[in-house]
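Structure record follows, encoded as structure tokens.
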Amino acid sequence: MNHEELIEKYFAKSLNNDEKSLFDQLMQTNETFREQVVYEEEVQRAITLNERQALKKKLQSFEIKKPKRNYTIWYAAASFAVMLGIGYWTFSNDVDTNAVYEEYYQSYPNVVAPTVRGENSTDIKSEAFYSYDSGDYAKALTLFSKLYDTEKEDYSLFYKSLSLMELKRFDEALSSFEQFDLQKNNGFTPYVKWYKALTLIKLEQKEKAVVLLKELANSTNPMQKMAKELVTELE
């Protein structure tokens, strides 16, 4: 079995025991293979976020919009045929940061340790992600905080920050995001920048948010398209 087939079966969750052993071995010993897996994971994360964002906008389009102060509503024959007739807001001088946040925020999926129904694991990592998947963000926050204090791994700090966002503790979320070393530019970096920018928007720190979004918009990464769109709305 070639490497591409092995990676495809990994993401399809169809590896048998021998293939799983080979996959784990390659992840440990083959840097090219490991980089390809990481790249595919980033693509899948971006697809998930973009699909959910598109669905959210489509659903919102069916709601009755009430005119708001400082807004002009107009209808466009959007680039998607299914979106014909959808109205959207064009901001005037003042940007409603709460409205922008609600428009763009989507819960980030658990892509590190997917919860398996019926699995009865009691380790902290599994319990943390189970709580996150279940919407128990207070418990998830406690567990991810404990994990990060112990391991200092980026994934635990990232999901700790996301849990704070879900709990609407935005000042604390921003402080948590600021612990990331964005110069490392690993697989989490574009998502950290995206969610940190959204947190800044919620806290009405638009200028700082735009700086991060432009970094995403001007480089190749899974969040580039959405960052360009959001920069346009903010400016």
Next item on the list: Please state the charge dipole magnitude for the stretch 171-230, taken about the Cα centre, from unit charges on C-beta atoms (+1 on K and R, -1 on D and E), reported in debye and rounded to the nearest 20.
Entry: 280
Item checked: 1.4 Å probe accessible area per residue over the stretch 104-234, in Å² -> 49
Note to self: Are there any trypsin sites (Lys or Arg not before Pro) in the stretch 112-210 that are in a DSSP loop and have at most 14 other Cβ atoms within 10 Å? List them by number.
What the structure shows: ARG117, LYS152, LYS168
Check: Roughly how many percent of the accessible protein surface of the stretch 151-194 is carbon and sulfur, given a 1.4 Å probe and a whole-percent answer?
Finding: 39
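The values are calculated or read from the model by the stated rules, or taken from the named source; none is laboratory data. Note that the structure is predicted; figures quoted are calculated from it, not measured. Reconstructed Cβ throughout: ideal geometry from the backbone, glycine too, with neighbour counts over all protein chains shown. Just so you know, the surface numbers come from the protein's heavy atoms only, side chains and all, with ligands and any DNA or RNA stripped out. Shrake-Rupley method; radii C 1.70, N 1.55, O 1.52, S 1.80 Å.
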